[in-house]
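*Asks:* Quick one: the structure is below, and I'll ask about it shortly.
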Amino acid sequence: MDTGLHGKRALVCAASKGLGRACAMALAREGVAVTITARTAEALQRTADEIRAATGATVTAAPGDITTEDGRAAALAACPDPDILVNNAGGPPPGDFRDWERDDWIKALDANMLTPIALIRAVVDGMAARRFGRIVNITSASVKSPIPTLGMSNGARAGLTGFVGGLARQVARHNVTINNLLPGPFLTDRLLSNAAAAAEKAGRTVDALLEERAQQSPAGRVGDPAEFGDACVFLCAASSGFIVGQNLLLDGGAFNATMG
Ligand code: NAP
């Protein structure tokens, strides 16, 4: 498949590790110049070097907290007119909603709803004027199938999904698409640290817990971040302009339904 992405520019948020990194790597392989962000500058620089070495693409590191105005300004200064925007940030912590105060909710909404909306607002009109734009939001399988202990994630991401569902229909005629990628369990640092915490609580090993997680999936395994990156490239491809406002679940078939 010729993705037609060679020479495009992408801003990939929260991309020193995990799913964001995988999206940046996969886009760079297509000849996209990528700007990546994360809060920890050294790790971000290391990832930039790795992507550059693996792909030969132009890679710019823009350190900062993407959930803050300063972090977004730094990202947009490094990549002012992206053709591709991949929205991503860390997920809110698990817990019992009785323990969450207003500030906890505002933080979750800022990270997983208002930050992607602010970035979309900053770039979407430029994309429309240039008649090419691909916006991919990394959300979660929990948007379709809520995870009770991740109430703030369920809520904030569902809010984003509702908003972009409407906006996607307003910008599609300019060849700007907005779609969401919904990860189930993917083998990233986040999954490993969640598994480590759960294993300690349950007095079990991380390996046993991960194996159990894998067996809960019809695919019999957890996802490889590289697969996620390739799905991102597919949604960004020049020939994907008719895929509008969709929620693509990557969960090995765990969500059980005849139709999405
Ligand atoms: P990860 O392996 O922990 O990587 C997170 C990346 O985001 C790191 O590069 C981190 O770097 C960066 N980051 C976090 N907060 C940031 C911020 N405020 N500003 C800028 N960069 C930030 O996580 P992941 O597994 O790839 O998860 C990515 C997203 O997908 C999360 O929202 C997660 O909840 C969601 N998700 C993941 C899975 C899964 O199985 N992996 C499943 C469902 C949903 P710094 O810490 O240095 O900033």
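*Asks:* In the stretch 200-224, whose amide N lies under 17 Å from the spot 7 Å out along Cα-to-Cβ of ALA254? List them in ranges.
*Replies:* Under cut-off, by backbone N: 206-224.
*Asks:* Using the crude model of +1 on Lys and Arg Cβ and -1 on Asp and Glu Cβ, and no other charge, please compute the dipole size for the chain relative to its Cα centre, in debye to 20. Intermediate results must be reported in sequence, preceding the final value.
*Replies:* Numbers: 25 positive and 26 negative charges, 130 e Å.
Taking the Cα centre of the chain as origin, the dipole is about 620 debye.
*Asks:* Could you list, by residue number, the cysteines of the chain that have no other cysteine's beta carbon within less than 4.7 Å of their beta carbon?
*Replies:* Cys with no partner Cβ under 4.7 Å: CYS13, CYS79, CYS236.
*Asks:* Another question, then. Suppose the chain between ASP110 and THR60 were pulled fully straight at 0.36 nm per residue; how much longer would it get relative to their current alpha carbon spacing? Walk me through the intermediate numbers first.
*Replies:* Details: separation 50, 0.36 × 50 = 18.00 nm, distance 2.47 nm.
That works out to 15.5 nm of additional length.
*Asks:* Here's something else I'd like to know. Working out 0.36 nm times the residue gap between GLN170 and ALA196, then minus their Cα-Cα distance, what length gain in nm do you get to one decimal? Mind showing how you got there, number by number?
*Replies:* Working: separation 26, 0.36 × 26 = 9.36 nm, distance 4.31 nm.
Taking GLN170 through ALA196 to full extension adds about 5.0 nm, to one decimal.
*Asks:* Can you find, among ALA172, LEU248, ALA10, the residue sitting farthest towards the positive end of the charge dipole of the chain, where Lys and Arg contribute +1 and Asp and Glu -1 at Cβ?
*Replies:* The listed residue farthest towards the positive side: ALA172.
*Asks:* Give the lysines whose C-alpha is closer than 26 Å to that of LYS8, dropping any in the same chain fewer than 8 places away, or say none.
*Replies:* Filter leaves LYS17.
*Asks:* Between ASP81 and ALA208, 0.36 nm times their residue separation minus their Cα-Cα distance comes to what?
*Replies:* Values: separation 127, 0.36 × 127 = 45.72 nm, distance 4.58 nm.
Once the chain is fully extended between ASP81 and ALA208, it gains 41.1 nm.
*Asks:* Order these peptides, 21-27, 216-222, by their mean beta-carbon neighbour count within 10 angstrom, highest first.
*Replies:* On the way: 21-27: 28.3, 216-222: 14.0.
By packing density, highest mean first, the sequence is 21-27, 216-222.
*Asks:* First check a/c for the stretch 1-128, with a ≥ b ≥ c the square roots of the eigenvalues of its C-alpha gyration tensor; if it is under 1.5, answer rounded, and if not, answer prolate when a/b is larger than b/c or oblate otherwise.
*Replies:* Working: a/c = 2.12, a/b = 1.66, b/c = 1.28.
Prolate is the answer for the stretch 1-128, as a/c is 1.5 or above and a/b outweighs b/c.
*Asks:* Would you calculate the separation in nanometres between label points at ASP224 and TRP100, each defined as 7 Å from the Cα along the Cα-to-beta-carbon direction?
*Replies:* 3.4 nm
Every number in this text was worked out from the coordinates using simple rules, so none of it is lab data. Fair warning: this is a prediction, and the values are worked out from it, not measured in the lab. We place every Cβ from the backbone using ideal geometry, glycine too, and count neighbours over all the protein chains shown.
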